[in-house]
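The values are calculated or read from the model by the stated rules, or taken from the named source; none is laboratory data. The structure displayed is predicted, hence computed values, not measured ones. When we count neighbours, we look across all protein chains shown, and the Cβ atoms used for this are built from the backbone with ideal geometry, even at glycine. In case anyone asks, the SASA skips ligands and DNA or RNA and just uses the protein heavy atoms, side chains included. Shrake-Rupley method; radii C 1.70, N 1.55, O 1.52, S 1.80 Å.
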2 protein chains.
Amino acid sequence: MPHESLRKLVPVPLTHVKLNDAFWAPRIQTNRNVTLPIEYEQCRKTGRIDAWKLDWKPGDPNPPHVFWDSDVAKWIEAAAYSLAAFPDAELEASVDGVIDMIAAAQQDDGYLNVHFTVVEPEKRWANLRDQHELYCAGHLMEAAVAYHDATGKRAFLDVMCRYADCIDATFGSAEGKKRGYPGHEEIELALVKLYRATGKQQYLDLATFFVNERGQEPHYFVEEATARGEDGEARRGSLDYHQAHLPVREQTTAEGHSVRACYLYAGMADVAAETGDEKLLKACKRIWRNIAERRMYIHGGVGSSRFGERFTFDYDLPNEGAYAETCAAIALVFFAHRMLQIEAHGRYADVMERALYNGTISGISLDGAHFFYDNYLASHPLRHRFSNQKSPERQEWFGCACCPPNIARLLSSLPEYVYSQSADGVWVHLYANGQAAVNLGDMTLQIDQKTKYPWKGKVRLTLTPDQPATFSLALRIPGWCRSFRIKVNGEKTAVRSEKGYVQLRRHWSPGDTVQLSLDMPVERIEAHPSVRHDCGRIALQRGPIVYCLEEADNGAGLNDIALPRDARLKTHVEPELLGGVVTISAKARRRRSEGWQNRLYSADASELVKTRIKAIPYAAWANRGPGEMIVWIRQA
Amino acid sequence: MPHESLRKLVPVPLTHVKLNDAFWAPRIQTNRNVTLPIEYEQCRKTGRIDAWKLDWKPGDPNPPHVFWDSDVAKWIEAAAYSLAAFPDAELEASVDGVIDMIAAAQQDDGYLNVHFTVVEPEKRWANLRDQHELYCAGHLMEAAVAYHDATGKRAFLDVMCRYADCIDATFGSAEGKKRGYPGHEEIELALVKLYRATGKQQYLDLATFFVNERGQEPHYFVEEATARGEDGEARRGSLDYHQAHLPVREQTTAEGHSVRACYLYAGMADVAAETGDEKLLKACKRIWRNIAERRMYIHGGVGSSRFGERFTFDYDLPNEGAYAETCAAIALVFFAHRMLQIEAHGRYADVMERALYNGTISGISLDGAHFFYDNYLASHPLRHRFSNQKSPERQEWFGCACCPPNIARLLSSLPEYVYSQSADGVWVHLYANGQAAVNLGDMTLQIDQKTKYPWKGKVRLTLTPDQPATFSLALRIPGWCRSFRIKVNGEKTAVRSEKGYVQLRRHWSPGDTVQLSLDMPVERIEAHPSVRHDCGRIALQRGPIVYCLEEADNGAGLNDIALPRDARLKTHVEPELLGGVVTISAKARRRRSEGWQNRLYSADASELVKTRIKAIPYAAWANRGPGEMIVWIRQA
């Protein structure tokens, strides 16, 4: 951990954390066994792999698209995390094969981009605003760092350092360099990873340059467009789409394309952490609050509008018309995870957990083979036919295929989100059955975590330092939890949660146990009164899990169901359902439609009939064929 | 009335009905004094008038658009109805000037279309599916008939007969003719008007051909596309957009572009009426029921999706995302008015009234100078910035300017919707203060209607036949009315409403009076339980007027307002507000937002606070600056 870093915490690395729980472990296994192979195959058969051969010629069909490089990069990154935890010679050979092709595609000056090498070579760096060169570069850098970490092989990392050097030679504030920055952010956080992996200051400096230059005047995107012969000023009003409407330190709200935005914010947090830039960190905090307090769906998704795939305005969170791209929820996890390391505050872990258990993994089917790009909070099976919405049935792939490999890399890196360590000790952010080994100074601490979380709130931690030692064990008390109890070695311990964590600082001996009980009743969640779409409605949440009603369990007409305020909410462990879930049932009411005959409107008050509802975890929806779904249930 | 007609009724013509009420008369006056002049000016300055000079040359800017002819035609038609009731030499001179240009633009063979004469002459009749030649022709025919009726001048009518003859020579089932029909319907009903105005059977036959040929195989649009070098079969799946997915007699639901659809259905009703085609009439009835019972907004608008400006599926009636184009509500009025003449059933008058008082006139501001294309049932002032919706502020004009002249022609022809006559007597469909003169056989009946409708439910009719006579007076009992009383010459009369009308058949003497009292309480209207957007909500309706809440009266956050089931709904006569309206007030509740601090989601049940609501007539919304609006209010 560099000395000047603002980070209070650093994550306990992936390779030191093993999950064997019933929630994540099967998903990670499916990701490894099903998702990674089919994504490779999709990349192959759509031409994304062979594109690296650079043999596409003008006139050939299927020209390599500007974002293809990034799809392959994310698949490599996902594979790398998987290899780090689960060595697999066949998978490693596949990755090496692709890396060989990538390395061979690198130009003499280090440049490395398929589209702008074979399709539009004359347009290299000519349109940073709309094209995806720096974005693709960032994903390749992330992949190279991950693959180096996983395998120790340097080849890809070296390739990407050469490319980073090429980019560094091209962009910057020095005379003769371009003062540009990406229209689709990503490279900022990637360069910080490359800096951390190599220790080369120039990569951190380049990341800092990209962050600092953004939105400055004269405006690069305006001048660049003018240089292309366009009316550069004409698009000034839409610079917020690229988070380039203001210098980043002056930005106060989350704006524009939500994936770009959250990648940028994550990169800003990284740069702030590594450079000790408190003013930049303040901008991150302001934007964080805007997201978490005004622009985030209850499932942790962000980006309310399909038009521009973007943030819109405060409290604008349409359910059926949601966008909430899978990638955006993942990017929000990245931002949250970084802010958590900097501030060690539960507010970030709460959002991270919310997104992880709900709005990210909703993007992949339980069979690991079908994907959502959009993560609606309400759905009708016919609506998309008459709109620009995507189908509410999961798809095997997308033309713009950013989401499938993104969810794959999130799942294969998931163990990294569980723990952090600080100068003081170890921090437990997420609860999941498994083990970890944490190197604290010259001491190694084994942690054994026994729990049925997220279905039950009891967690038993057994700490085995290789020698008795004094350190702090910080246990997260989730924001959703209203009451909890802690026992250390079987004895009740009175402790307070501060900033979302309980600190157990003591002299620990091998075999010491900590029992944490988080009360986990079903909660009726309201949204802020200004969220016009959710007024009069509640969402059911239990622990970190957000629930929904699906037509498969409740019949059609879900919006007519009204849940009385005093209805008892029962939980049911259903090991055979949807991979094993806890469902919620309750008595509710709906209108009798028989009385309506052929009327569309009526001044007669409807007769109500009793009904029972059954709610399932939101992330598991759309695994049983098409049908209606709602998260926000009317309250009677 | 031709002998074979299925029509039980014919409308009492415009020139025989005078309105001097407080609701319609001021709107008609504003239409005459403000709207018609500005629409002429808009047509002039956008090039729509001068386009008739046919002096546009390739390379010139602003090429005449394929639908420009129709905008000018609708303006002429609107002006003609106005001239019929309110002679105006200056307006008539303007119209004559335009007509002279139109006449001069007619080609030797009778063809008359600006775009396909000067811009793409080689594409005449080449793309009936997407272009608007027959649609423009239809609007010009309607205008010509209206102008002839208003002024007795034949020139324009003769021009349009020549054009109709040209079309008749081109289209039909005879050898060598095209078996085509319009992708945008309108000419069907126009040809029936031309037939009625001229008595020429060939125009009715041509209308019948267009109706009958629609959707037949081999499919004209498929073959036509193939002939253009396109993949004709590729678009087969979207033939429903043009109501050409099936022969019309096999159609059972309202599909596709809602304006095209309702113009077609109106034309089908006309053809059925004039040809006595009961099977075609049955198709009209089936489609009518589908609209009225499953696909119509409470304000009488239709077309739930902006994508394709179209009907979607049963009970799909989104409020904020509504389309409900002004033209579509007007087209539905045309369909309703025609079905009403055929069947003399109040179900048609109910929809006609609903659309007239709400979802049509919402398309024009009270000042007569600003227009809506879409008629939302809920609106947030920021939403359109992040969607493909039009601004929720009324506009001065549109690039596609179909709606402004359409609402103008509806308003200037409004008196025509009030009365009909039958072999038996006279029918009163709408209540509005004014006078009418009805020729019943060789007797002339003066009717004086005294009422403050729609604000009060009392109507006093004084009948003055020029000689005592026996006939039936049919008074409509609106579908919204649950109880009414009738007195004839001051004496209570026990009568039953049948098919929406009370029949008073007796020997009438000059000065006889009929007093009708329609009870008009405020009603809470529910939508069918399958309308997912309106579950748990009610709309306020009083008489024919649908109400809404506007931010101007109720502050922001309208969706958080909940109206208790037992809240007393008070009415207030407000002569100074919005041109003079009755408003509704009630005690309601909303959540206290102060308790929310910086939380977006909370498991704590919110505190409720008391509030008062004030509802205004929907059609008058958006006349006081931008702000939220809702029609469907949450019920507590």
*Out of curiosity, is B:Tyr376 under 27 Å from B:Trp75 (Cα atoms) and not in a strand (DSSP E or B)?*
yes
*Conditions: (1) touching a Ser or Thr at 6+ places or on another chain (Cβ under 6 Å); (2) basic (Lys, Arg); (3) within 14 Å of chain A (Cβ to nearest Cβ). B:Lys458 meets all but one. Number of the miss?*
(3)
_Evaluation of A:Val114 against (1) open to solvent by less than 40 Å² (accessible area, probe 1.4 Å); (2) under 29 Å from A:Asp240 (Cβ atoms) (one fails), failing number_ = (2)
*Looking at B:Ala567, B:Ala588, which one is closer than 24 Å to A:Ala603 by Cα, open to solvent by less than 10 Å² (accessible area, probe 1.4 Å) and outside the structural domain of B:Ala355 (by TED's automatic domain parsing)?*
B:Ala588
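Quick check on my filter: what residues within the range B:537-556 are open to solvent by less than 20 Å² (accessible area, probe 1.4 Å) and not in a strand (DSSP E or B)?
B:Gly543, B:Pro544, B:Asn554
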*asked:* Can you go through B:Gly511, B:Gly557, B:Gly536 and tell me which one is over 30 Å from the mean Cα position of the chain (by Cα), within 12 Å of chain A (Cβ to nearest Cβ) and at positive phi?
replied: B:Gly557
_Consider the range A:219-238. How many of its residues are open to solvent by less than 10 Å² (accessible area, probe 1.4 Å) and closer than 27 Å to A:Lys193 by Cβ?_
1
*Going by the conditions given, is A:Ala174 modelled with pLDDT of 95 or more, open to solvent by 10 Å² or more (accessible area, probe 1.4 Å) and outside any helix (DSSP H, G or I)?*
yes
*Checking A:Glu343 against (1) within 21 Å of A:Glu188 (Cβ to Cβ); (2) open to solvent by 10 Å² or more (accessible area, probe 1.4 Å); (3) touching a Phe, Trp or Tyr at 6+ places or on another chain (Cβ under 8 Å), which test does it fail?*
(3)
*Return the total of residues in the range A:288-327 being at the interface with another protein chain (Cβ under 8 Å from one of its Cβ atoms), crowded, with 22+ Cβ neighbours inside 10 Å and among the hydrophobic types (A, V, I, L, M, F, W, C).*
3
*Considering A:Gly237, A:Gly215, which residue is part of a loop (DSSP other than H, G, I, E, B), farther than 15 Å from A:Tyr135 by Cα and not hydroxyl-bearing (Ser, Thr, Tyr)?*
A:Gly215
_Residues within the range A:583-602 that are more than 10 Å from every other protein chain (Cβ to nearest Cβ) and in a loop (DSSP other than H, G, I, E, B), tallied_ = 0
*asked:* Take B:Ser82 and tell me if it is over 30 Å from B:Arg129 (Cβ atoms) and part of a loop (DSSP other than H, G, I, E, B).
replied: no
*asked:* Being in contact (Cβ under 8 Å) with a residue 24 or more places away in the chain and open to solvent by 50 Å² or more (accessible area, probe 1.4 Å) is the filter here; which residues of the range B:498-518 pass it?
replied: B:Lys499, B:Gln503, B:Arg505, B:Arg506, B:His507, B:Pro510, B:Gln515
*Options A:Glu343, A:Glu353; residue that is within 28 Å of A:Leu36 (Cα to Cα) and in contact (Cβ under 8 Å) with a residue 40 or more places away in the chain*: A:Glu353
_Which numbered condition B:Ala605 misses (of (1) closer than 24 Å to A:His533 by Cβ; (2) free of Cβ contacts under 8 Å to residues at least 40 places away in the same chain; (3) assigned to a strand (DSSP E or B))_ = (3)
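Looking for whichever is more than 16 Å from the chain's Cα centre (by Cα) and among the basic types (Lys, Arg) here; the options are A:Arg235, A:Arg338, A:Arg310. Which one fits?
Matching residue, one of A:Arg235, A:Arg338, A:Arg310: A:Arg235.
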*Does any residue in the range A:132-148 that is surrounded by fewer than 24 Cβ atoms within 10 Å (Cβ to Cβ) come within less than 8 Å, Cβ to Cβ, of a residue that is aliphatic (A, V, I, L, M) and at pLDDT 95 or above six or more places away or on a different chain, and which pairs are these?*
A:Val145/A:Leu157; A:Val145/A:Met160; A:Val145/A:Ala190; A:Val145/A:Leu194; A:Val145/A:Ala197; A:His148/A:Leu157; A:His148/A:Ala197
*Return the pairs, sorted by first residue and then second, in which the second residue is among the polar types (S, T, N, Q), the first residue lies in the range B:613-636 and is open to solvent by 20 Å² or more (accessible area, probe 1.4 Å), the beta carbons are less than 6 Å apart, and the residues are 6+ apart or on different chains.*
B:Lys614/B:Thr583; B:Lys614/B:Ser585; B:Asn623/B:Ser365
*asked:* With polar (S, T, N, Q) and either surrounded by fewer than 20 Cβ atoms within 10 Å (Cβ to Cβ) or touching a Cys at 6+ places or on another chain (Cβ under 9 Å) (or both) as the only criterion, which of A:Thr252, A:Thr275 stands out?
replied: A:Thr252
*Here is a list of conditions, (1) open to solvent by 10 Å² or more (accessible area, probe 1.4 Å); (2) assigned by TED's automatic domain parsing to the domain that holds B:Asp316, and B:Gln202 meets all of them except one; can you say which number that is?*
(2)
*Residues that are in contact with a helix residue (DSSP H, G or I) (Cβ under 7 Å, 6 or more places away or on another chain) and open to solvent by less than 10 Å² (accessible area, probe 1.4 Å), drawn from the range A:441-485*: A:Pro454, A:Arg476, A:Pro478
*Could you look through the range B:352-404, keep only residues that are out of contact with any helix residue (DSSP H, G or I) (no Cβ under 6 Å at 6 or more places or on another chain) and among the small types (Gly, Ala, Ser), and pick out the one that is surrounded by the most Cβ atoms within 10 Å (Cβ to Cβ)?*
B:Ser379
